[in-house]
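The structure appears below as structure tokens.
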Amino acid sequence: MSLLEAPAETPAAPRRKGVAAERGAVYTPPLLAEWTAARLLRAMPAGVQTILDPACGEGALLETIADLSPASLHLVGVDVDRGALKRARQNLPGAQLKLMDTLAAALDGAEELRQELNLVEPVAAILNPPWGIKSIPGRKELRAAGFELAGGQFDSADLFTELTVKLLADGEAAALILPDSLFYPDRAPLRRFLLDNCTLELVARLGEGFFPGVYRGVAVVVLRRGEAAPGHAVECVRLSPAGRRRALGGEATLEEVAAESSHLVPQRRFAAEPGASLSIDQREDDLRHVHAVQRQGGGWARTLASGRGVELSKHGAIVDCPTCGRSRPRPRGSSLVDCACGASLDPAKLAARRIVRPRGEGSRRGWRQLIAGEDVRRYRVEPGREIEFGIEGINYKRGATAGPRLLVRKTGIGLKAALYEGRALTTQTVFHFQASDESPGFLLAYALGVLSSRVMLAVHLKRSGEHEWRSHPYVTQSLLAELPIPEPEPGTQRWKQAEAIAAAAAPGIEPGTEADLELEALVAGLYGLGEEDMTWVGRVLDEVGGEMEGVVSLRLPEGARVTPRLVD
């Protein structure tokens, strides 16, 4: 159980046993600790003598597994926080506890660290690794020490996960409590590392609410070191919102609600998916419907230029360099930042000003219309703001306003897209796609029709797992480009079908109208779907948790049916 350096906007949760948390410190709550420890005991081989927590905090995970285990265990805990370790010694008399920066110590190698900790074989590990800490060794040092995940975008939790796996011998087990960013597109390297090096016993996506005051979802992974056997199946759990409320409210145990959604997925299926996606929401009976869409191929964005808008929030807060006067978006953190003139800027000493305002306030001279993510809806877009133009240091990305654009909202549940032909700027939460000379003239409208369809929404929800509210749901440009929207080929049935979809994708289509259902029928025809497939699409939308705006509105009215249609 370890320290979490939470984001600045996230309040810290109380520590176990009523000890007040330090600023930014969050420790594992008992409900989560007990379930994770029980799952590790179920997975680890017989005869394990040592339990290691390489970021143990106050020791609650070690204490919990010792309480649950019928055998006497040698407990080994490591942490960099002297105060937390002092409390761990009070909670765990007789345990081997060491004050150490685990990642820094691992620069000499995992085997050397294992020897330094004097781990008695066989070993199992349990860990809630630090999420989002900044005080870690440099990227170059980590790469030189063999950390595969110290490249691109990575989190400190990724490094602790990699280290934990490398500290294990083949067959030894570990249980990890991770942020549910594990499932995000940019965590593909972490997922690939786990699939290549481990046999996954459990992948559970539990959602938010387990850490009081921390607005991040939680995942639990139980694994054994070593390549999975060809027929190995992973137990997958996805808590429903109702089940999570029952567990958090004490109406049912976490194991009881987990059992309600538990199902098995062959590990080879995860390994074969693009981006090593842990698509735990795709049950085996979903696959034939998803594959019916995927087998038609993709490539829709191959000839399109893509990007996103000005790197500025919808509130438009900027600061000015006191040395040269050049402006920049207000820094989010408290660390010093460098200006282009060479000056170091202290965010705490800079007064912010706003260059974005609601549309229509006062004179418009020197201001341009601005589209934020919330302005992009299904088939509709209307600029809701204005941005002051011409401020040195702000990259307005002017070239992105020439010609028609397919705009897609980055954040939120589902897929929201619209065509726009005006010259308004967009914020960073709006992706744009623009045609090139190679693109068919109808390509943007065709892509809009498919992106906005129930068929594509159902496939996206099953592939991404984004089918219930969480604090920061989003899509990425690469995820959008990888959606199975087939590139039309001249002279084929697909080309004719794509033209018909483009012609039907008129601005302002309302869900449930005749025009909307006709467009859905054309998309279903594009993929060669049958009525059974469309029944599955409707069932997926009906299963979405809560009343998710943008999904609920697409549920078909009672008695309505979509019959796939091919154009002549």
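The values are calculated or read from the model by the stated rules, or taken from the named source; none is laboratory data. Computed from a predicted model, the values in this text were never measured in an experiment. Note that we place each Cβ from the backbone using ideal geometry, even for glycine, and neighbour counts take in every protein chain shown. Accessible surface is based on the protein model in full, side chains and every heavy atom, while ligands, DNA and RNA are left aside. Shrake-Rupley method; radii C 1.70, N 1.55, O 1.52, S 1.80 Å.
Data for the structure
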quantity: Set Lys349/Lys416; Lys416/Lys496; Lys140/Lys166 screened for pairs whose C-alpha atoms are more than 29 Å apart; calculated: Lys349/Lys416
quantity: For segment 403-503: Kirkwood Rh in Å [reciprocal of mean 1/r, alpha carbons]; calculated: 14.5 Å
quantity: Free-standing Cys residues across the chain, given no other cysteine C-beta under 4.7 angstrom; calculated: Cys56, Cys198, Cys236
quantity: Proximal lysines to Lys410, defined as alpha-carbon separation beneath 19 angstrom and excluding residues fewer than eight positions away on the same chain; calculated: Lys314, Lys397, Lys462
quantity: Debye intensity ratio in log₁₀ form over the Cα atoms of the chain, taken at each q of 0.08, 0.09, 0.10, 0.11 Å⁻¹; calculated: -0.63, -0.79, -0.95, -1.11
quantity: Accessible surface of the chain, 1.4 Å probe, proportion on carbon and sulfur as whole %; calculated: 49 percent
quantity: DSSP-assigned coil residues among GluC sites (Glu not before Pro) in segment 49-154, each with at most 11 further Cβ atoms within 10 Å; calculated: none
quantity: Rounded FRET efficiency, nearest 0.05, which uses the C-beta distance separating Asp346 from Glu438 and R0 of 56 Å; calculated: 0.70
quantity: Förster-model FRET efficiency, 51 Å R0, Thr535 and His315, C-beta, rounded to 0.05; calculated: 0.70
quantity: Given charges at beta-carbon only (K, R positive; D, E negative), |dipole| of segment 333-484 in Debye; calculated: 460 debye
quantity: Among Gln477, Gln493, Gly77 the positive-end extreme of the charge dipole of the chain (Cβ point charges); calculated: Gln477
quantity: Cleavage-rule hits (trypsin sites (Lys or Arg not before Pro)) in segment 276-312: DSSP loop, at most 16 neighbouring Cβ within 10 angstrom; calculated: Arg283, Arg295, Arg302
quantity: Cα centre as origin, Lys/Arg/Asp/Glu Cβ charges: the chain dipole, Debye; calculated: 1780 debye
quantity: Spacing of the two label points (7 Å from each Cα toward its C-beta) at Gln90 and Glu382, in nm; calculated: 6.0 nm
quantity: Selection from Gly309, Leu248, Tyr446, by position along the positive dipole direction of the chain (Cβ); calculated: Gly309
quantity: Per principal axis, descending, Cα span of segment 291-390 in whole Å; calculated: 58, 35, 22
quantity: nm² value of the averaged projected area, convex hull over the Cα atoms of segment 273-317; calculated: 6.0 nm²
quantity: Over the chain: helical MRE at 222 nm, DSSP H runs n ≥ 4 each giving -39500 (n - 2.57), nearest 500; calculated: -8500 deg cm²/dmol
quantity: Residue-normalised accessible area of the chain, expressed per residue, 1.4 Å probe, Å²; calculated: 43 Å²
quantity: Average Cα contact separation per residue, segment 131-278, under 8 Å, 6 or more apart, as relative contact order %; calculated: 22 percent
quantity: Segment 503-533 versus segment 304-361: alpha-carbon centroid distance in Å; calculated: 43 Å
quantity: Taking the chain and dividing mean pair separation by its residue count, relative contact order in percent (alpha carbons under 8 Å, at least six apart); calculated: 10 percent
quantity: Options Thr323, Ile280, Ile391, ranked by Cα towards positive dipole end of segment 275-419, top entry (Cβ charges); calculated: Ile391
